[in-house]
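Report on one structure; see the data block that follows.
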Amino acid sequence: MSEFSVLKTEQIGRAAGENIELLGQILLIRRFEEKCVELYSAGKIRGFLHLYIGEEAVGVGTMSALKDEDRIVSTYREHGHALARGIPAGSIMAEMFGKANGCCRGRGGSMHLFDRTKNFFGGNAIVGGGLPLAVGLAIADKMQNTNAITVCFFGDGAVAEGEFHESLNLASLWELPVLFICENNLYAMGTALDRHQAQTDIAKKAGSYAMPSETVNGMDVLGVRDASMRAAELVRSESKPFLLVAETYRFRAHSMYDPDLYRTKDEVEQWKLRCPIANFQKYLLQTGEADAATFEALEKKVEKEISEAVDFADAGEIESVEDLCKDVYTPFQALTSQGE
Amino acid sequence: MTEKTRTTYRDAVRSALREALSGDDRVFLMGEDVGRYGGAYACSHGLLAEFGEKRIRDTPLSESAFVGAGIGAALGGMRPIVEIMTVNFSLLALDQIVNNAATLRHMSGGQFSVPIVVRVATGGGRQLGAQHSHSLENWYAHIPGIKVLTPGTVTDARWMLGEALKDPDPVFIFEHALLYPVEDDIEEDRTAFDPWKAKVRRSGRDVSLITYGGSLHKCLNAAAELSADGIEAEVVDLRSLRPLDTGSILGSVSRTHRAVVVDEGWRTGSIAAEVMAQIMEGAFDELDVPVRRVCSEEVPMPYAKHLEDAALPQPEKIVAAVKEMF
Ligand SMILES: Cc1ncc(C[n+]2csc(CCOP(=O)(O)OP(=O)(O)O)c2C)c(N)n1
Ligand SMILES: [Mg+2]
């Protein structure tokens, strides 16, 4: 890392109340997904459901470092990214209910959340499939001289895909403003990192593409936030890509279908000791930024938001079957909002 | 009104590219060897010097990444033209094409469109063997969310690109590699140019030869030969494989009551099969005899000239298929 100029953590100021805001976002994601599990069992949510529980600090920390004009490309494990980016919980919940008031009118579901107003380019359920898109979005920004960067999330499993290597090479070769974020939760479904990678230090792979990289503790939201700010600043100011690897862990199974047979209970419990909520709360108590009442108030706020989200989803209409084939092609006049 | 310019298919493609690049800052071309090399088929020769490296981008050999990057750039407000050297190489980008280009609009509930144009060289006849000679355009025509154009004439090569760029969705243009040196007149009047409609290239009352792309000239040759024997064939050039112009297909069959579909794809699961199905659905009562097809034989493309010739549709095969109908 020494050859790359990175800002020092201390240089990044933090406004009062910002930490509480971050905790609130992590809590929202955690409680939202716990609710999703309930609703899945109740049959209101179907299909694949991939929970982010345990990994929330990565999405929240990263999103807090971005600007509105920045673009996000995500994976099928993206509820947390979507919420942290500010997509309303109700519109996400309604999407998972398959309702017309969902963010994709019930065409996407849990794995395919999109929101144009938030520059959120999906939920991609092809492992590695989002990386080339991120490269292209960055080409568009570079050619149009915007100041935006594209942030691309993917898992450790994606690192084995050709699209990872092709995309990192192209982004670096053409000096494109992409912040690649690998959420290394140590497993690709049931296959552990050391059973799918010859080189398990993922950050090192950036070196092959002459790209700077850093590994950060993904259970620590402030660490992720600072690392993301440094990385985003570098990507933005130098218009070059960066690979940030966040070491994290999913506390739940891969999806609702996964019996979770490939890792020990003990391993999971060890990681739960590093819970991004509990540890952040402990930190906030120590610094005096929060007390028990703060946490209670946050929980209340989050509970209300989620209950409203569920109500919104419940109340939503379903898309008419007559509109089944709508939005396969674009009515010509509809393109005006996309750079016309 | 009938002003014409004589040029090759290759130069027509180049003129179309130049026009697109000059007319819209959002347009750029990327692909393998499109820049310094000038394009594997020389379609973009000279464009690098004219438009510079930002807009004529030589890519690494990363079909998935550069096709996907084209999709991303389209999402980001650009109008990329991506060139894939040969249709067989497009298979390395199928993930991006099928899972992203074709789906993003629908999955996002209509929030995002993907206005990308992908140009692909296709087809056999040059003794390039089983990894450079196939006609896989019907694979792409199978996919809702993308559109497929197959310019078979110099005029179509000249004007289809511009129309494809106007389209807000992903458009694939399949250029049969044997057509690049073909010389013909360009019809300069483009006011009524519509790439999505089939065209009757030759009128006839006895049989419809329904075809596209590289097989068009074979059908016209076959029609000339048939005419000498007193059979007047109507040659219908599909031009667009998705959407298919069903009306024009049924219209021609209703006039001639006989149809042979000619397609360089393999017979099983071919575009020809789809056209035949549409005739069965929409013009069964018009038929005097069952519909026939002339497609590529069910074999990976062989290298030896006589074997490759035997594997591909040829005018003689078309003539023979027609004569069996009378
Ligand atoms: C190209 C592709 N291959 C296989 C799958 C099936 N699959 C879905 S998620 C997954 C594991 C991915 O692991 P990782 O990238 O580490 O992400 P994580 O699920 O751990 O967040 C697999 C194999 C897929 N969706 N796409
Ligand atoms: Mg993983």
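The values are calculated or read from the model by the stated rules, or taken from the named source; none is laboratory data. Everything numeric here is computed off the predicted structure, so don't read it as measured data. Using ideal geometry, Cβ is built from the backbone for each residue, glycine included, and neighbour counts are taken over all protein chains shown. Surface areas here come from the heavy atoms of the whole protein model, side chains and all, with no ligands, DNA or RNA. Shrake-Rupley method; radii C 1.70, N 1.55, O 1.52, S 1.80 Å.
Annotations for the structure displayed:
- Selection from the range B:287-326 of residues that are open to solvent by less than 70 Å² (accessible area, probe 1.4 Å), outside any strand (DSSP E or B) and in contact with a helix residue (DSSP H, G or I) (Cβ under 8 Å, 6 or more places away or on another chain): B:287, B:291, B:299, B:301, B:302, B:313, B:314, B:315, B:318, B:319, B:322
- Inter-residue pairs, beta-carbon under 8 Å, first more than 20 Å from residue B:21 (Cα to Cα) and in the range A:128-149, second assigned to a helix (DSSP H, G or I) and among the β-branched types (Val, Ile, Thr), 6+ apart: A:132/B:67; A:132/B:71; A:133/B:71; A:149/A:235
- Tally, over the range A:122-137, of residues that are within 16 Å of ligand 2 (Cβ to nearest atom) and either part of a helix (DSSP H, G or I) or closer than 19 Å to residue B:63 by Cβ (or both): 7
- Looking across A:118, A:142, one residue alone is more than 10 Å from chain B (Cβ to nearest Cβ) and either within 26 Å of residue B:26 (Cβ to Cβ) or open to solvent by 10 Å² or more (accessible area, probe 1.4 Å) (or both). It is A:118.
- Residue in the range A:181-189 that is under 18 Å from residue A:138 (Cα atoms), within 13 Å of ligand 1 (Cβ to nearest atom) and crowded, with 21+ Cβ neighbours inside 10 Å present: yes
- Per-region count, the range B:66-108, residues surrounded by fewer than 24 Cβ atoms within 10 Å (Cβ to Cβ), touching a strand residue (DSSP E or B) at 6+ places or on another chain (Cβ under 9 Å) and facing chain A (nearest Cβ under 7 Å): 1
- Here residue A:155 clears all of (1) within 16 Å of ligand 1 (Cβ to nearest atom); (2) more than 10 Å from chain B (Cβ to nearest Cβ); (3) touching a helix residue (DSSP H, G or I) at 6+ places or on another chain (Cβ under 8 Å) except the condition numbered (3).
- Selection from the range A:167-189 of residues that are aliphatic (A, V, I, L, M), near ligand 2 (Cβ under 9 Å from one of its atoms) and assigned to a strand (DSSP E or B): A:188
- Boolean, residue B:249 is more than 24 Å from residue B:125 (Cβ to Cβ) and either assigned to a loop (DSSP other than H, G, I, E, B) or open to solvent by less than 10 Å² (accessible area, probe 1.4 Å) (or both): yes
- Checked against (1) in contact with a Ser or Thr (Cβ under 7 Å, 6 or more places away or on another chain); (2) open to solvent by 40 Å² or more (accessible area, probe 1.4 Å); (3) modelled with pLDDT of 95 or more; (4) more than 19 Å from residue B:293 (Cβ to Cβ), residue B:195 passes all but a single condition, namely (2).
- Residue B:211, sole failed condition from (1) open to solvent by 50 Å² or more (accessible area, probe 1.4 Å); (2) at pLDDT 95 or above; (3) polar (S, T, N, Q): (1)
- Across the range A:77-111, the qualifying residues are those that are surrounded by fewer than 24 Cβ atoms within 10 Å (Cβ to Cβ) and either within 24 Å of residue A:188 (Cβ to Cβ) or at pLDDT below 95 (or both), and the one among them that is farthest from ligand 1 (Cβ to nearest atom) is A:109.
- Restricting attention to the range A:237-253, the residues that are aromatic (Phe, Trp, Tyr) and either within 11 Å of ligand 2 (Cβ to nearest atom) or not in a strand (DSSP E or B) (or both) total 2.
- Test for residue A:149: is it within 16 Å of ligand 1 (Cβ to nearest atom), under 25 Å from residue A:118 (Cβ atoms) and more than 11 Å from chain B (Cβ to nearest Cβ): no
- Flag if residue A:127 is in contact with a Gly (Cβ under 9 Å, 6 or more places away or on another chain), under 17 Å from residue B:92 (Cβ atoms) and at the interface with another protein chain (Cβ under 8 Å from one of its Cβ atoms): no
- Scope the range B:16-54; condition of a type in the set (D, E, K, R) and within 8 Å of another protein chain (Cβ to nearest Cβ); matching residues: B:26, B:54
- Against the list (1) under 22 Å from residue B:108 (Cβ atoms); (2) in a helix (DSSP H, G or I); (3) within 13 Å of ligand 1 (Cβ to nearest atom); (4) of a type in the set (A, V, I, L, M), the condition residue A:140 fails is (3).
- Sub-9 Å Cβ pairs linking a first residue in the range B:38-49 that is over 20 Å from residue B:176 (Cβ atoms) and assigned by TED's automatic domain parsing to the domain that holds residue B:18 to a second residue that is of a type in the set (D, E, K, R) and open to solvent by 30 Å² or more (accessible area, probe 1.4 Å), at least 6 apart or interchain, are B:46/B:14; B:46/B:18; B:47/B:14; B:47/B:18; B:47/B:55; B:48/B:36; B:48/B:55; B:48/B:58, ordered by first then second residue.
- Residue list for the range A:190-222, filter: assigned to a strand (DSSP E or B), among the aliphatic types (A, V, I, L, M) and within 15 Å of ligand 1 (Cβ to nearest atom): A:192
- Among the residues examined, residue B:114 does not qualify as buried (at least 21 other Cβ atoms within 10 Å of the Cβ), under 26 Å from residue B:55 (Cα atoms) and under 13 Å from the mean Cα position of the chain (by Cα).
- Exactly one residue out of A:308, A:319 is touching a residue at least 12 places away in the same chain (Cβ under 8 Å), out of contact with any Phe, Trp or Tyr (no Cβ under 8 Å at 6 or more places or on another chain) and not in a helix (DSSP H, G or I): that is A:319.
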